[in-house]
Amino acid sequence: RGEGKARGGGSCSASSCGSRAFAAMAPGWVAAALPSLALLLLPLASAGLSGYFGTKSRYEEVNPHLVRDPLSLGPSAAESRLPAACTPLQLRALLRHGTRYPTAGQIRRLGQLHARLLLPRPAVACPAAAALAAWQMWYEESLDGRLAPQGRRDMEHLARRLAARFPALSAPRRRLVLASSSKHRCLQSGAAFRRGLGPSLSLGSDEVEVEVNDSLMRFFDHCAKFVALVEENEAAMCQVDAFKEGPEMRKVLEKVASALCLPVEELNADLVQVAFLTCSYELAIKNVTSPWCSLFSEEDAKVLEYLNDLKQYWKRGYGYDINSRSSCILFQDIFQHLDKAVEESKSSNPISSPLIVQVGHAETLQPLLALMGFFKDDEPLRANNYVRQTHRKFRSGRIVPYAANLVFVLYHCDQVKTSKEEYQVQMLLNEKLMLFHHTNETISTYADLKDYYKDILENCHFKEECELPKVNITAVDEL
């Protein structure tokens, strides 16, 4: 794999990252010899796991009030009230698609694991394996990441809540600009969001379908440097690989193997993770507690969440500069539309695009939030600092669950002391106000916000950022 040093991430040399073999493990047949021990190893209940599903988390995990009432605006809505003299001019919403089915690759791995549990085994009591062998494998590869019915409801309900919160922007005859990634789940999410707006928004007879815009919603696919040096470079994920082989994952692996009465050599971190994610899918898609959940305790879930977060951190977050720098094309586009709205307002013209909604992926939102400096920990996430990261800010399930949304709201304010205060901005993540770094407040003048991000707005050029170095470098030194 070669050697290299990740930005702020310590050495990724072969000796420290990705090359360590599993230490000696206890035999996986202990539980087979002692059936009663297998029962003791299983958690008494699967409750408490749902907060650790990372990017496969339900939106309700970050907004629990929606479990009771999916149209409730929740306690945060009252906090966002501005002075009566402020009127919203433009709302720019970046959405992650709603709840989806597993990808074909995940379904294949689950099928492989399930098939092992159906093989003949010694005549000993193994309740966990028996329960999972009886579980019906209903996932088919044709589902391949498609939007689930719950995903459509996620989007429809989100649209109705945003319309209720910002009624002026979704009033009849206000223009909606709706764009999406080319992925089926995003296009369907966009259509569901449009339906959710219902009669509160009328586009007239010239209504168009969702526009596909991969250059903004899937900027990462168009960034050659990211694709070559992160996406397709195994060495870039050395911290993830090292954690898979580390003591925390080894403990979870041994425990699951013992519960399933399988030799530990027949499992690996990827198979254990797919079992854990099946627990998450069943909850998100069907709202049921899957028998797969019974394999894991809350402590196991924290370890598996960290594995997911490590991947997000090094592939989409702060691990490498190119992860976030590649999103500047989207960041600049947001401010170009805000600029246009400000100019139209100053000229007393109607706002041409009061409501702009774009549907993408967790991979769309996570780099953008990193570019803006949100959820950055003092210490990078690494394979060897799991315990020290217990209270980390970077928790992907809290940042980009299904239906995650980042909303910029531009206001025009009358009765202000200075002209600079006339245009102000708020940002909401998952319908909760965010504190701006430069003010430590939930509102900023538009001028101050632009000034704070001046370097990115003026000096981040997508083509130059994403150009591959002239020398063919495959290690992560270049990053």
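Things worth noting here:
- From the alpha carbon centroid of segment 388-428 to that of segment 294-361 is 11 Å.
- Ranked by the mean number of other Cβ atoms within 10 Å per residue, highest first, peptides 253-264, 393-404, 280-291 order as 393-404, 253-264, 280-291.
- Taking amide H as placed 1.01 Å from N in the peptide plane, the amide H of Val359 sits under 5 Å from that of Leu95, Ala179, Ser180, Ser181, each at least 5 places away or on another chain.
- Measuring r between the beta carbons of Val177 and Gln415 and using R0 = 41 Å, the FRET efficiency lands at 0.85.
- Three-way shape label, segment 291-401, alpha-carbon gyration tensor, a/c 1.5: prolate
- Restraint check, Lys393/Lys420; Lys244/Lys432; Lys225/Lys450; Lys340/Lys470; Lys244/Lys393, Cα-Cα greater than 30 Å: Lys393/Lys420; Lys244/Lys432; Lys340/Lys470
- Overall, the anisotropy analysis places segment 368-479 in the oblate class: the square-rooted eigenvalues a ≥ b ≥ c of its C-alpha gyration tensor yield a/c not less than 1.5, with a/b not exceeding b/c.
- With the highest mean first, a sort of the peptides 100-106, 237-243 on other beta-carbon atoms found within 10 angstrom per residue produces 237-243, 100-106.
- Over segment 253-304, Cα pairs under 8 Å with separation of 6+ residues give a relative contact order of 30 percent.
- The relative contact order of segment 364-465 comes to 18 percent, based on Cα pairs under 8 Å that sit 6 or more residues apart.
- Unit charges on C-beta of K, R, D, E only; dipole of segment 388-458, Debye: 620
- The residues of segment 357-479 expose, per residue, 46 Å² of accessible area to a 1.4 Å probe.
- Charge-dipole axis of segment 354-479 as Lys and Arg at +1 and Asp and Glu at -1 on Cβ define it, positive-most pick from Leu381, Leu368, Val357: Leu381
- Inter-site label distance for Ser352 and Asp69 at 7 Å from Cα along Cβ, in nm: 4.0
- For the pair Glu299 and Glu211, the difference between a 0.36 nm per residue extended length and the Cα-Cα distance amounts to 27.3 nm.
The values are calculated or read from the model by the stated rules, or taken from the named source; none is laboratory data. Keep in mind that this is a model prediction, so the values were computed, not measured. Every residue, glycine as well, gets a Cβ built from its backbone with ideal geometry; the counts of neighbours run over all protein chains shown. For accessibility, only protein heavy atoms count, side chains too; no ligands or nucleic acids. Shrake-Rupley method; radii C 1.70, N 1.55, O 1.52, S 1.80 Å.
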